[in-house]
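*Asks:* This is the structure I want to talk about, given as structure tokens.
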Amino acid sequence: MKKAKKRLPANGSRASVRRHEEHLPWKKQKLLDIHQALNSDPVDIETLRQAAVSEGGLLTDDIRRKVWPKLLNINAYSLPAKPSKDVREDHKDYRQVVLDVRRSMRRFPKGMRVDEREVLQEQLIDIILDVLQRNPQLHYYQGYHDIVVTFLLVLGERMTIAIMEKLSNHHLRDFMDPTMDSTKHILNYLMPLLERVDRELHDFMMRSEVGTIFALSWLITWYGYVLSDFRHVLRLYDFFLASHPLMAIYFAAVIVLYRQKEVKSSECDMASVHHLLSRMPQDLPYEDLIGRAQSLFSSCPPHQMSQSAALQSRNIISISTFTDFQTSTRTQRPDSVLRQQIQRRQEHQLALPMMPQSTGTNQLIKMAVWGLSATLGAAALAVAQTALDWAPEFLSQLF
């Protein structure tokens, strides 16, 4: 009896089969590395950072839901409450936030039902206002909602609040000053970076007087506003979350360098160059550009570029706090340990009413137990919804 021939893919290419098989091992290894890093005690944050910036990023949204919080030192079992009903009352930014969110329809997946999108838009408004209300030192800027919606679509409401509060006080902090002075200063890094790599391109852009405003929306939305494919946005968010706060401007530099032939071939005037650069190509080689941005950052670190970028001396908050922020992420406990701690606390609290009590307080104890039981039931449900077991996800992705 003849053995059936192994069927090739529709395109009939044996080479495509080999390529597919070659891709499997590194993905499996990466998943295992991430799994081990998450379950190390303390969490192996350096391995998670490397996974986020290396080829393919964090691979799936299930993994992002586990790793993103760790990159920002967020405890998934101690999340902020949902925004209160009065979060919109008398908030100075309410009208602008609503206008921006209402215009953000293209940021939601195509084919999403209108009622589902409207629910998410309402959550988006509440998340933004809640973060701002609890952090009065932060100021809303147009484009902030483009970052928030990315996290909301992946993480849900409560985790997004935690993520945005941490990001707004670190990576995005300088964009949230009352003026745009700090944002302009960060944009000033772009031209010196271009000069270091391609003097001819730099000089051409200086003669055109194009400035750096074309990269503003790239920077303050982490490219969420200018990229139409959500997969590319997620890949960049993996990269930026695991990197220095100025990495977004280094990425802007490598995009311009990648397009240097187009730029040099255009008319050397502000309108032509601005028009060209402000139209972001949707077919960029993202993995290659991420590698180039890392190399550029290594060869031209921010402390070397700061003098060239400074039109005036300025303290960049996100840079000055970054070392302490990175240090704080290295002492996190794995989710399995956090789960056990919560379970032990709950078991201890449930056992307390069993201790002997005086008859005069029996009725009060009973009432307390009823209230405690109801509270713990809700807490247990919240924990179950927030924390899915990790191992089954990996098994399903590995095989």
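*Asks:* Could you provide, to the nearest whole Å², the per residue accessible area of the stretch 182-275 with probe 1.4 Å?
*Replies:* 37 Å²
*Asks:* Next question, about the same structure. In nm, to one decimal, how far is the modelled label at Gln343 from the one at Ser295, with both set 7 Å along Cα→Cβ?
*Replies:* With each label point 7 Å from Cα toward Cβ, the separation is 4.9 nm.
*Asks:* Modelling each spin label as a point 7 Å along the Cα-to-Cβ direction, I'd like the Met206/Asp269 distance in nm, to one decimal.
*Replies:* About 2.3 nm separates the two model spin labels.
*Asks:* What's the FRET efficiency of Ser84 with Arg333 using the Cβ-Cβ distance as r and R₀ = 41 Å, to the nearest 0.05?
*Replies:* With R0 = 41 Å, the Cβ-Cβ based efficiency is 0.85.
*Asks:* Would you mind getting the Kirkwood hydrodynamic radius of the stretch 68-216 from its Cα pairs, rounded to one decimal in Å?
*Replies:* 17.3 Å
*Asks:* I'd like the accessible area for Tyr258, computed on protein heavy atoms only with a 1.4 Å probe and all protein chains in place. Round to 10 Å², please.
*Replies:* About 100 Å², rounded to the nearest 10.
*Asks:* Further question: Let me know the shape class of the stretch 210-330, please: from the alpha-carbon gyration tensor, a ≥ b ≥ c as square roots of the eigenvalues, rounded when a/c is under 1.5, otherwise prolate if a/b is greater than b/c, or oblate.
*Replies:* On the way: a/c = 1.98, a/b = 1.34, b/c = 1.47.
Here the stretch 210-330 falls in the oblate category.
*Asks:* Now a separate question. Could you name the aspartates and glutamates in cross-link range of Lys92, using Cα to Cα under 13 Å and dropping any fewer than eight places away on the same chain?
*Replies:* Asp130
*Asks:* For all pairs of alpha-carbon atoms in the stretch 263-349, what percent lies in each bin of width 10 Å, listed from the first bin to the last filled one?
*Replies:* Calculated P(r), rounded to whole percents: 11, 18, 29, 19, 12, 8, 3, 0.
*Asks:* Suppose all protein chains stay in the model; what accessible area per residue would a 1.4 Å probe give for the stretch 95-177, in Å²?
*Replies:* Values: 3280 Å² over 83 residues.
The answer is 39 Å² per residue.
*Asks:* Please work out whether the stretch 21-85 counts as rounded, prolate or oblate from its C-alpha gyration tensor, where a ≥ b ≥ c are the square roots of the eigenvalues and a/c under 1.5 means rounded, while otherwise a/b larger than b/c means prolate and anything else oblate?
*Replies:* Prolate is the answer for the stretch 21-85, as a/c is 1.5 or above and a/b outweighs b/c.
*Asks:* Next question, about the same structure. Once neighbouring chains are kept in place and the probe is 1.4 Å, which whole percent of the accessible area of the stretch 134-233 is contributed by carbon and sulfur?
*Replies:* Roughly 50 percent of what the probe reaches on the stretch 134-233 is carbon or sulfur.
*Asks:* Report, ordered by chain and residue number, the aspartates and glutamates lying within cross-link reach of Lys264, taken as a straight Cα distance under 13 Å and ignoring same-chain residues fewer than 8 apart.
*Replies:* Partners found: Asp198, Glu200, Asp203.
The values are calculated or read from the model by the stated rules, or taken from the named source; none is laboratory data. Bear in mind the structure is a predicted one, so any value in this text is a computation, not a measurement. FYI the Cβ positions are ideal-geometry reconstructions off the backbone, even for glycines, and counts take in every protein chain you see. Please note that ligands, DNA and RNA were not included when accessible areas were found on the heavy atoms of the full protein model with its side chains. Shrake-Rupley method; radii C 1.70, N 1.55, O 1.52, S 1.80 Å.
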